[in-house]
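Let me begin by presenting the structure, written as structure tokens, before commenting on it.
The values are calculated or read from the model by the stated rules, or taken from the named source; none is laboratory data. As the structure is a computational prediction, the values presented were derived from the model and not from experiment. Every residue, glycine as well, gets a Cβ built from its backbone with ideal geometry; the counts of neighbours run over all protein chains shown.
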Amino acid sequence: MKKKVVILGGGMIGSAMALDLKRSGALDVTLADVREETVSRLAKLGIASVQADLGNPAAVQALVAGYDLVLGALPSVLGLQTLRAVIEAGRDYVDISFMPEDATQLDELARERGVTAVVDCGVSPGMSNIMIGHGARALDRVERAEILVGGLPVERAWPFDYKAGFAPHDVIEEYVRPARMVENGRLVVKEALSEPELIHFPGVGTLEAFNTDGLRSLIRTIEAPFMKEKTLRYPGHIGLMRVLRDVGFFGKDPIQVKGQSVCPLDLTATLMFPRWTFEEQEADITVMRVFVEGVRGAARGGERVRMSWDLYDAYDPATKLRSMSRTTAFPATIVAGFVAEGRYRNPGVNPPELLGRDAGLLEPVIAALAERGVRCTSEVQVLGPAEPTR
């Protein structure tokens, strides 16, 4: 008998999860969403759907109790409370929500309930973490790790040169949330959108990279003196976002305007987000480069190596799934399959780098992505002999 899985959230990512799992046929899939129109739309695609108030933890706990496995595709603001509800229901969980809180605060609870919960399991965080975990597994010592990632429309359009492949409010979080990174073995915090640089990607062109808070759990789980994550956009986007942020358009605290209380971000969302919405069948791409540098073969004197991965994906006209939806949803559905099969079992709250570092699952995930048309290449370069440790 097939195991029963429920997907929480029927937006761009949740819908892609449902379509992928339906295609594979390995699991009995149901999707839950609060919006009646979403439930109706997915039902027409042959996906079992239920309407539920997913903002209510009690409702979530009651819903997931009837399933073997849960996938989460809800906005970041609901991430932690949903994780807690699923764990309390005693159900395994794979989640992609970019929650601002530290998900591992629920690790002990998950262990007590025997729940394997894999969080941040999208493209980045997600695939990037698995790659870095794999690098840490292969090397005796990690010296540097870096992530460059971005989702972009194929056609640039003034004034933003950007459209949102996931919830726009979560995009704004990348522009305001302080960016944590590691320099000289110490945690440092820098302003989001800071330290812009231009980087060329073959077949794509020159992109802007800027600091964002994407390392997350890697700061704690990977020992490396230098680590950072940067987001990629078309040149010019950073400057415009800095102006909007610094003027206050991304603020969440209400202000008074002619005697009325107004939340700046709500106003921005009303005016700007429609301009960030993809047209039907409008193409997008996802670009990611991850590298890990360090020492291997230390017992024999050692050599410094650089392990790198380049991921590229584009809109799929056959399924009408955007690339950001595909590259975020597919790692989660692939890992969910591993959990359902018992191939990955580790009670607790698991950041995805553990799949690469402890379980050695990077290559199977990359192979499964390739089956879905997501291209990922890798390279190992020898940089020279290792320097003696002091």
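Brief remarks follow.
- Scanning the stretch 46-62 for residues that are of a type outside the set (A, V, I, L, M, F, W, C) and touching a residue at least 12 places away in the same chain (Cβ under 8 Å) turns up Gly46, Ser49, Gln51, Asp53, Gly55, Pro57, Gln61.
- Within the stretch 83-118, the set of residues being touching a residue at least 60 places away in the same chain (Cβ under 8 Å), of a type in the set (Gly, Ala, Ser) and closer than 30 Å to Pro178 by Cβ comprises Ala103, Ala110, Ala117.
- Of the helices (runs of 4 or more DSSP H) entirely within the stretch 165-255, those holding at least 1 residues that are within 18 Å of the chain's Cα centre (by Cα) and at pLDDT 95 or above occupy 218-221.
- Among the residues making up the stretch 107-129, a single one is touching a Cys at 6+ places or on another chain (Cβ under 9 Å) and either of a type in the set (A, V, I, L, M) or surrounded by fewer than 24 Cβ atoms within 10 Å (Cβ to Cβ) (or both): Met127.
- When the stretch 132-182 is filtered for residues that are charged (D, E, K, R) and closer than 15 Å to Met241 by Cα, the ones remaining, listed by number, are Asp161, Lys163, Asp170, Glu173, Glu174, Arg177.
- Complete set of residues in the stretch 1-25 that are among the hydrophobic types (A, V, I, L, M, F, W, C) and surrounded by fewer than 16 Cβ atoms within 10 Å (Cβ to Cβ): Met1
- Residue that is surrounded by the fewest Cβ atoms within 10 Å (Cβ to Cβ), among those in the stretch 240-265 that are touching a Leu at 6+ places or on another chain (Cβ under 9 Å) and within 30 Å of Val182 (Cβ to Cβ): Lys252
- Pairs, first over 11 Å from Ser124 (Cβ atoms) in the stretch 141-157, second aromatic (Phe, Trp, Tyr) and crowded, with 17+ Cβ neighbours inside 10 Å, C-beta under 6 Å, six or more apart: Glu146/Phe291; Arg156/Tyr234
- Only one entry in Asp253, Asp246 is within 13 Å of Tyr175 (Cβ to Cβ), charged (D, E, K, R) and not assigned by TED's automatic domain parsing to the domain that holds Tyr315, namely Asp246.
- Scanning the stretch 369-381 for residues being surrounded by 19 or more Cβ atoms within 10 Å (Cβ to Cβ) and either hydrophobic (A, V, I, L, M, F, W, C) or assigned to a strand (DSSP E or B) (or both) gives a total of 3.
- Among the criteria (1) of a type outside the set (Asp, Glu); (2) modelled with pLDDT of 95 or more; (3) in contact with a strand residue (DSSP E or B) (Cβ under 8 Å, 6 or more places away or on another chain), the one Pro264 does not fulfil is (2).
- The stretch 189-228 - residue that is free of Cβ contacts under 8 Å to residues at least 60 places away in the same chain and of a type in the set (Gly, Ala, Ser) and, of those, surrounded by the most Cβ atoms within 10 Å (Cβ to Cβ): Ala192
- In the stretch 46-72, the residues that are surrounded by 21 or more Cβ atoms within 10 Å (Cβ to Cβ), of a type outside the set (Ser, Thr, Tyr) and more than 23 Å from the chain's Cα centre (by Cα): Leu63
- Residues in the stretch 73-90 that are over 18 Å from the mean Cα position of the chain (by Cα) and closer than 21 Å to Ser15 by Cα: Val86 only.
- Filter result (more than 30 Å from Pro317 (Cβ to Cβ) and surrounded by fewer than 13 Cβ atoms within 10 Å (Cβ to Cβ)) within the stretch 267-284: Thr270, Leu271
- Within the stretch 63-82, residues that are part of a helix (DSSP H, G or I) reach partners that are basic (Lys, Arg) with beta carbons closer than 6 Å, at six or more positions or on different chains, in the pairs Val64/Arg91.
- Pair list, Cβ < 7 Å and 6+ apart or interchain, from the stretch 370-389 residues that are touching a residue at least 60 places away in the same chain (Cβ under 8 Å) to residues that are of a type in the set (Ser, Thr, Tyr): Val374/Thr327; Arg375/Tyr312; Ser378/Ser308; Glu379/Ser308
- Residue count for the stretch 29-45, restricted to those that are of a type in the set (Asp, Glu) and either touching a residue at least 24 places away in the same chain (Cβ under 8 Å) or within 10 Å of Ala18 (Cα to Cα) (or both): 1.
- Some residue of the stretch 325-333 being outside the structural domain of Ser24 (by TED's automatic domain parsing) and surrounded by fewer than 18 Cβ atoms within 10 Å (Cβ to Cβ): no
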